[in-house]
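Everything below concerns the one structure shown next.
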């Protein structure tokens with residue numbers, strides 16, 4: 001599929017089919033993520049793929065309890081990908097301090113977008129999750145407390161017919177201009 005068509009086709013999925021995802025497809029998504037560019041080639045990411053059903057359910061129970069209940073739909077996903085933000089290389093951190101920009105967050109966004117676009121191309125649905133109990137996720141997966149988890153990605157097969165209408169997007173002329181503001 002052409003990239004622009006793939007981007008237009010991709011939507012956040014919140015209702016997954018009860019069907020396991022092949023490891024080969026997960027590896028292809030991880031390969032797409034691995035190839036993402038990053039500030040000073042710092043590659044400030046690490047992925048933990050949770051596809052064991054029992055562990056995934058335990059993770060979801062911990063991550064989406066209490067205040068985080070809005071994302072309990074993730075329990076229907078056969079795979080949860082935990083994205084750990086690693087420290088950027090020294091030059092990226094210094095440049096970020098001068099610019100007031102957290103480049104590692106931009107880098108995490110790029111790598112995760114590569115992941116979700118590859119998933120869509122493989123017939124898989126995804127949903128970015130930013131609202132979850134980070135401390136509970138770390139506890140379940142034995143992730144050190146000094147690590148930062150910015151994003152979880154729900155991954156699995158889905159029924160495209162069940163997806164709702166397209167979300168409205170601003171037309172290009174409202175978000176872009178040439179040569180002046």
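Each value in this text was obtained by applying a stated rule to the coordinates, not by laboratory testing. Note that this is a predicted model, so its numbers are computed, not measured. Because the Cβ atoms are built from the backbone with ideal geometry, glycine has one as well, and the counts that use them run over all protein chains shown.
Can residue 12 be described as touching a helix residue (DSSP H, G or I) at 6+ places or on another chain (Cβ under 6 Å) and surrounded by 12 or more Cβ atoms within 10 Å (Cβ to Cβ)? In short, no. Beta carbons closer than 8 Å, at least 6 apart along the sequence or on distinct chains, pair a first residue in region 25-39 that is surrounded by fewer than 12 Cβ atoms within 10 Å (Cβ to Cβ) with a second that is part of a helix (DSSP H, G or I) for 35/114; 37/107; 37/110.
Scanning region 47-61 for any residue that is part of a helix (DSSP H, G or I), buried (at least 17 other Cβ atoms within 10 Å of the Cβ) and touching a residue at least 60 places away in the same chain (Cβ under 8 Å) turns up at least one such residue.
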